[in-house]
1. If I compute solvent accessible area with a 1.4 Å probe over the protein chains, what percent of it on segment 96-206 is carbon and sulfur?
2. Tell me the relative contact order for segment 140-254 as a rounded percent, counting alpha carbon contacts under 8 Å between residues six or more apart.
3. Is the shape of segment 121-214 best called rounded, prolate or oblate, per the rule: a/c under 1.5 gives rounded, else a/b larger than b/c gives prolate, else oblate, with a ≥ b ≥ c the square roots of the Cα gyration tensor eigenvalues?
4. Working out 0.36 nm times the residue gap between Asp220 and Asp193, then minus their Cα-Cα distance, what length gain in nm do you get to one decimal?
5. If packing is taken as the mean number of other Cβ atoms within 10 Å per residue, what is the order of 213-223, 84-94, highest first?
6. Classify segment 97-170 as rounded, prolate or oblate, taking a ≥ b ≥ c as the square roots of the eigenvalues of its Cα gyration tensor: rounded when a/c is under 1.5, otherwise prolate if a/b is larger than b/c and oblate if not.
7. Here is the link list: Lys137/Lys192; Lys142/Lys234; Lys113/Lys142. Which ones come out longer than 28 Å on Cα distance?
Amino acid sequence: MQHIRSQLVNIGRGLGTTSTSRFLSTVGAREQLENNITNNLINDITPATTAHSRLNNSQVNTQDQAPSPSPSPYSASPYSSQHKALLDSIIRVNQAGEYGAARIYAGQIAALKGTETEAIIRKMAEQEEHHLNTFNKLIVEKRVRPTVLQPLWEVLGYALGYTTGMLGKEAAMACTVAVETVIGQHYNSQLKDLNDHSIDDPDLRQIIKSFRDDELEHLDIGLENDAAQATLYKPLTQAISAATTVAIELSKRY
């Protein structure tokens with residue numbers, strides 16, 4: 001800007017004293033105007049430049065840093081950390097329970113293969129497989145940690161099913177009655193928890209209701225197929241119910 005002024009002054013000298021004064025006044029006014037325009041442009045451009053720099057820096061930082069894992073959908077509003085913990089626990093324990101039930105029926109099918117009872121058990125096993133697939137999907141979609149005890153339930157579930165199957169149709173059905181009684185109560189308890197904590201998750205609520213009804217249907221099938229005729233029916237069902245309750249509580253936490 002000073003260089004331009006010097007050139008203009010030199011030009012003005014050739015115009016005479018009076019003209020030079022007028023010329024210099026004009027130059028001074030023009031210089032002031034140019035300074036004002038320049039300052040305004042700088043002020044206008046600086047925020048945009050700063051924002052652009054921040055954006056570039058953000059992109060560079062994002063590329064340099066490893067991406068953070070996506071948060072659980074239950075960790076976002078409107079769910080509090082307490083509600084998220086409850087929902088994670090519900091999905092984790094239900095997935096574990098359906099896995100255990102599928103293993104029990106697999107053991108019974110192996111023990112009762114070729115009998116009329118096999119067809120009855122297979123129908124119930126197919127429903128349990130649907131339940132398990134549903135909670136397997138929820139485990140992934142909601143990013144819920146599955147129970148670390150699943151390898152244990154794989155072995156114990158199959159062993160329970162195979163053992164009761166080897167004891168005969170009545171014992172196998174008694175096992176079904178014992179397990180499904182506990183599971184039916186368990187699902188009802190979860191529905192109550194959702195209500196008590198005012199958690200609005202209609203999809204999960206409907207899944208629990210539907211699966212509870214399936215489990216209670218299995219209970220009825222067991223009773224209709226002579227479960228009560230099993231040797232030592234009462235102590236057998238009490239022991240299996242107690243073991244199922246313990247498995248539920250452990251799977252909630254671990």
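The values are calculated or read from the model by the stated rules, or taken from the named source; none is laboratory data. Note that this is a predicted model, so its numbers are computed, not measured. Every residue, glycine as well, gets a Cβ built from its backbone with ideal geometry; the counts of neighbours run over all protein chains shown. Side chains included, ligands, DNA and RNA excluded: accessible areas come from the protein's heavy atoms. Shrake-Rupley method; radii C 1.70, N 1.55, O 1.52, S 1.80 Å.
1. So the carbon and sulfur contribution to the accessible surface is 55 percent.
2. Details: 94 pairs, mean separation 48.1, N = 115.
RCO, segment 140-254: 42 percent.
3. prolate
4. Numbers: separation 27, 0.36 × 27 = 9.72 nm, distance 2.57 nm.
Between Asp220 and Asp193, full extension yields 7.1 nm more.
5. Working: 213-223: 18.6, 84-94: 20.6.
For the peptides 213-223, 84-94, the packing ranking is 84-94, 213-223.
6. It comes out oblate by the Cα gyration axes.
7. Lys142/Lys234; Lys113/Lys142
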